[in-house]
Amino acid sequence: MASDLAHDTISAMVKELKKGLKEKGNSDNTGGTENVAMFLCEFVYPANNGYSSVYHETLVRLVTDTITGVEYIIDAMKYEKENWDDMDSWQEHIVTYRRWKRKLKKLSSILDEE
């Protein structure tokens, strides 16, 4: 019963986050990749405490897709660095994205251990 509840809850969460991953940002807003990365790093990652008792293939896939998206953003930022008006802001963003990438990779390995 508990595993069914966990699976159903994770399925619903992944469904919503997959929708969010597809959202495009604008100059005043973060894009879907950033929003999903923030959610996974701030809520899902800490909740796992270094292990996962429930394997959920679609969550693993979502984390992998989010890592790919964050890597793309990091690469794009390297080429767009000169377009940023504020280098401190650029540095703050790149550090944040790299931190997300590390956390997401660790989360991926935790979730995929099953």
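The values are calculated or read from the model by the stated rules, or taken from the named source; none is laboratory data. The structure presented is a predicted model; accordingly, all values stated were derived computationally and were not measured. Reconstructed Cβ throughout: ideal geometry from the backbone, glycine too, with neighbour counts over all protein chains shown.
Annotations for the structure displayed:
- Set 58, 66: member being surrounded by fewer than 19 Cβ atoms within 10 Å (Cβ to Cβ) and not charged (D, E, K, R): 58
- Members of region 73-114 found to be free of Cβ contacts under 8 Å to residues at least 12 places away in the same chain and aromatic (Phe, Trp, Tyr), listed by number: 79, 84
- Checked against the criterion of being farther than 18 Å from residue 106 by Cα and outside any helix (DSSP H, G or I), the candidates 24, 15, 19 yield just one match: 24.
- Selected residue (criterion: surrounded by the most Cβ atoms within 10 Å (Cβ to Cβ)) from residues of region 29-52 that are at pLDDT below 80 and part of a loop (DSSP other than H, G, I, E, B): 52
- Any hit, region 19-28, residues being surrounded by fewer than 18 Cβ atoms within 10 Å (Cβ to Cβ), over 12 Å from the mean Cα position of the chain (by Cα), modelled with pLDDT of 90 or more and over 15 Å from residue 97 (Cα atoms): yes
- Residues in region 51-108 that are closer than 17 Å to residue 25 by Cβ, among the aliphatic types (A, V, I, L, M) and under 16 Å from the mean Cα position of the chain (by Cα): 70, 73, 74, 94.
- Taking region 68-99 as the range and being out of contact with any Lys or Arg (no Cβ under 6 Å at 6 or more places or on another chain), of a type in the set (Val, Ile, Thr) and within 18 Å of residue 23 (Cβ to Cβ) as the test, the residues that pass are 68, 73.
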